[in-house]
Amino acid sequence: MRVLLLLLVSLTVISQEDLSHYKKAMTFKSSWTLYKNAPDNYASYKAFSKSIEDLEASEIKAAAYAYSILGAYFQNKVEYGAITHQKLSDLSQEIGDDKWQGFCRVEQFGDECSVCEGSSEKKRACKKCNGTKTCRNGECRKGQIISLEKIDGKFEEVSTDCSICEASGFCQACGGSGVYKIPCNICRGFGYLLNKMKVREKFKDGLVDMDALVANHILEGFSQDQLAKGKIKRGDRWYTLEEINKMDKSSQLKAERSMLEQRKREQNQRTGELRAKRDKKFNSLENDSILEPEKAKKIIENDFSDEADPVKINLLNIYLKQANLIIKATESENKGLELEAIKLLKEAQKIRDHEVLRSRIRKLKLENLGL
Ligand SMILES: [Zn+2]
Ligand SMILES: [Zn+2]
Ligand SMILES: [Zn+2]
């Protein structure tokens, strides 16, 4: 049981370690920060160079290689720089970006070696011929060896090819140049000497870009971890599916609530408008019941049949009564029953003391009397 538990615990630890791209990015950042502040320090250069190998093929890795190459130059280890430069060019090809290759090209940091004058070699006098350039065979004359031979009783000069120089007459060791070349020991065969001031200037040149890449790398690492945990990005933040669902639900509720409120507001507005319209109608009834009794009657019967306010009901009854009396009076008038009409108008006037009615009664009376 204990073993199983231990196994389980270690499995969890491994899978979490696997997940933490963020942690790795942070580790890389700290080695970068250390190195950036002390590029001349061998330990920081070494640690930084080592940390690069954990990076995945990407622009940050290319940039880091370039900076590692500068570090090699600071350490006078041009050959390390050359090895790393090879890695950088392979990587550049892989990711299709050679921006950082030019950044650290060694030629730009060199001053010509004053000893070999840039040829990267030194000449020494040939040890075989001591610089004479000629064949070391003492009997060799321009590649020929002359001997005297007795032919037909006479001595004659006979020349044969020198086997040492193969008849060239030159020193075989130096090919007749009289010198041999060795790599320059001052520049170690590079032909130039690194100027660390130039390296330092270059180091400063790319810092902003490199820092941005490091910061981005951390963000990316964090995102990768979140994705691996099955989280989802919303805006700048990461959420679990559960949280997303919860947020969606609550925002849906919120939307529904605000829709309801909007509807209520619209409803209230409509109700308010209707009420204002009704009030206007109600107020005009006072006049309408006298001037347009038919219309007033219709409005009271149709539009105010549901009126609940007792004060208003009372007034509506008065208006209705008045309108009815005036309608009847008008009918009497038309039939020539002026007295009947006057009576009805007076009754209507009694309900509500109205100047319009009084003047109508007066008019009817005068006409009736023929005045
Ligand atoms: Zn040299
Ligand atoms: Zn020689
Ligand atoms: Zn010879």
Any pair with Cβ under 7 angstrom, 6 or more apart, that starts in region 314-333 at a residue that is in the same structural domain as V356 (by TED's automatic domain parsing) and among the aromatic types (F, W, Y) and ends at one that is assigned to a helix (DSSP H, G or I) and crowded, with 21+ Cβ neighbours inside 10 Å: Y319/L285; Y319/S289; Y319/A296; Y319/I300
Number of the condition not met by A255 [criteria: (1) at pLDDT below 95; (2) not assigned by TED's automatic domain parsing to the domain that holds K350]: (1)
The lone exception for G118 - which of (1) within 12 Å of ligand 2 (Cβ to nearest atom); (2) out of contact with any Ser or Thr (no Cβ under 9 Å at 6 or more places or on another chain) it fails: (1)
Tabulated pairs, region 167-188, first under 14 Å from V78 (Cβ atoms), second acidic (D, E) and more than 8 Å from ligand 2 (Cβ to nearest atom), C-beta under 9 angstrom, 6+ apart or interchain: P183/E121; C184/E121; C187/E112; R188/E79
Enumeration of residues in region 295-312 that are within 20 Å of A348 (Cα to Cα) and surrounded by 12 or more Cβ atoms within 10 Å (Cβ to Cβ): K295, A296, K297, K298, I299, I300, K312
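Quick check, is K122 away from ligand 3 (no atom under 16 Å from the Cβ) and either of a type in the set (D, E, K, R) or assigned to a loop (DSSP other than H, G, I, E, B) (or both)?
For K122, the condition - away from ligand 3 (no atom under 16 Å from the Cβ) and either of a type in the set (D, E, K, R) or assigned to a loop (DSSP other than H, G, I, E, B) (or both) - is met.
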Sole exception among (1) within 16 Å of ligand 2 (Cβ to nearest atom); (2) in contact with a Leu (Cβ under 9 Å, 6 or more places away or on another chain) for K133, by number: (2)
Filtered residue count, region 120-162, keeping only those that are of a type in the set (G, A, S), away from ligand 1 (no atom under 16 Å from the Cβ) and in contact (Cβ under 8 Å) with a residue 24 or more places away in the chain: 3
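The values are calculated or read from the model by the stated rules, or taken from the named source; none is laboratory data. None of these values were measured; they are calculated from a predicted model. A quick note on method: Cβ atoms are made from the backbone with ideal geometry, for glycine too, and the neighbour counts reach across all protein chains shown.
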